[in-house]
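Engineer: Below you'll find the structure I mean.
The values are calculated or read from the model by the stated rules, or taken from the named source; none is laboratory data. Everything numeric in this text was worked out from a predicted model, so none of it was measured. Here the Cβ is made from the backbone with ideal geometry for all residues, glycine too, and neighbour counts use every protein chain on show. Surface areas here come from the heavy atoms of the whole protein model, side chains and all, with no ligands, DNA or RNA. Shrake-Rupley method; radii C 1.70, N 1.55, O 1.52, S 1.80 Å.
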Amino acid sequence: RETTLCVFVERRLAHNITNVETTAVGPGEAEACVLTLRYLETSFCFLCLHVPPCEADQDATDDPMVQALRALRAGSRETDILTQFHHMFLVGDVGSELGASYDDVKDLLRTGQYIDLLAYDQLHIALSNRGMLPGFIEAPVNFAPTN
């Protein structure tokens, strides 16, 4: 397994892109790769993670996603990767699972109550209760989850 990230830019904008940097961690329990760049005066970080599911009661410091993020070094080596860019895009498999029974999930899916599934989503719980990824804003969930 290899975690890969591709960022495409329109040709007419490419001459304004500078400070392109890539780095990766893994293979291991977690894999991650990152591409950072500047477009004019705005910095961007594209982060692709592949981590296994964590236990619902797992301490945040033991979380494979947290460990992968700590291991990544891009941009300023003294600053946390999560706080040094104007915009960050997080993609990949972050090991999030639904901690609900099959029947409960099936009923919520059948009735289109996707937002109610978030109460059982490990990533949503970690973001809310553990303070992971401060400032992270998730797009509205108005679609069925993938498997």
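Engineer: From the set of residues in the stretch 1-42 that are crowded, with 17+ Cβ neighbours inside 10 Å and not aliphatic (A, V, I, L, M), which is modelled with the highest pLDDT?
Structural biologist: Within the stretch 1-42, the match that is modelled with the highest pLDDT is 38.
Engineer: Same structure, new question: Taking the condition at pLDDT 85 or above, among the aliphatic types (A, V, I, L, M) and assigned to a helix (DSSP H, G or I), does residue 108 pass?
Structural biologist: The answer is yes for residue 108.
Engineer: Output the residue which, of all residues in the stretch 83-104 that are under 13 Å from the mean Cα position of the chain (by Cα) and at pLDDT below 75, is most open to solvent (accessible area, probe 1.4 Å).
Structural biologist: Only one residue tops the list, namely 93.
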